[in-house]
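Derivation of every value follows stated rules applied to the coordinates shown; laboratory data play no part. Everything numeric here is computed off the predicted structure, so don't read it as measured data. When we count neighbours, we look across all protein chains shown, and the Cβ atoms used for this are built from the backbone with ideal geometry, even at glycine.
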Amino acid sequence: MAKDFPKYTAELESLRGHLYKKINNYEKRNPDKLSLIHADLHFGNMIWNKGVVQPIDFDDCGYGLELYDIAVTLAQSSNYFKKVGLKETRLSKEALLRGYSVYKELTDVDIDILPYFVAARELAMIGWLYERRDNPELWDYLRKNLATRKKKTKKYIKQADTKTYL
């Protein structure tokens, strides 16, 4: 598949370009939403200490759009969401957004654009896996899951594209 991967790059680049335009437009309209972010805030990078969740592993930390941290958590929770069903998925996502909102206001526009950020995380993970194609396990995972990841990316983009604000 490594030699065949270039046939996928045009489609992936098109998706990336679409996301870049939307997210860049959001950033220009919301410069106050830029700050120091973790950028890899999934449950494997969180520990519980006396009932309080604490992030760990700050190697991807940097200056970016705050919604990306929520998007990472949502994207990396997809296996959990598959197991619990639609109602529990909805409740889990609502709880995450409600909890986040205690510390940082989320507007309707923030929530509406969030699927673009989840799609961006999906593309970032495809790139992360491809860069590690010399690892047989990761390469096999990418080979088996590329179509699914592209499909999920397109679904998130379609969901956000139904909004007319950007």
Longest exposed-loop-site-free stretch of the chain, with chymotrypsin sites (Phe, Trp or Tyr not before Pro), DSSP loop and at most 14 other Cβ within 10 Å?
-> 59-164
Amide H contacts under 5 Å for Ile37, placed H, 5+ residues apart = Gly62, Tyr63, Gly64
From the cross-link list Lys50/Lys93; Lys7/Lys158; Lys50/Lys154; Lys7/Lys155; Lys28/Lys82; Lys28/Lys50, the entries with a Cα-Cα span beyond 32 Å are Lys50/Lys154; Lys28/Lys82; Lys28/Lys50
Would you kindly compute the Cα radius of gyration of the chain and its largest Cα-Cα separation (Dmax), both in Å?
-> 16.4, 50
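Going through the range 122-166, which trypsin sites (Lys or Arg not before Pro) have at most 16 other Cβ atoms within 10 Å and a DSSP loop state?
Working: sites: Arg132, Arg133, Arg143, Lys144, Arg149, Lys150, Lys151, Lys152, Lys154, Lys155, Lys158, Lys163; in loops: Arg132, Arg133, Lys163.
Qualifying residues, ordered by number: Arg132, Arg133, Lys163.
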What is the Cα coordinate range of the range 25-102 on the first, second and third principal axes, sorted by size from largest, in whole angstrom?
-> 37, 29, 23
Checking the range 79-157 for GluC sites (Glu not before Pro) in a loop per DSSP with at most 11 other beta-carbon atoms within 10 Å yields Glu105
Label points 7 Å out from Cα along the Cβ direction at Asp161 and Lys87: separation in nm?
-> 3.3
Fraction of alpha-carbon pairs in the range 100-140 farther than 15 Å apart, rounded to whole percent, equals 59
Working out 0.36 nm times the residue gap between Cys61 and Val109, then minus their Cα-Cα distance, what length gain in nm do you get to one decimal?
-> 14.8 nm
Using a Gaussian network model of the chain with C-alpha springs under 10 Å, which one of Leu36, Leu123, Leu65 is most mobile by mean-square fluctuation?
-> Leu36
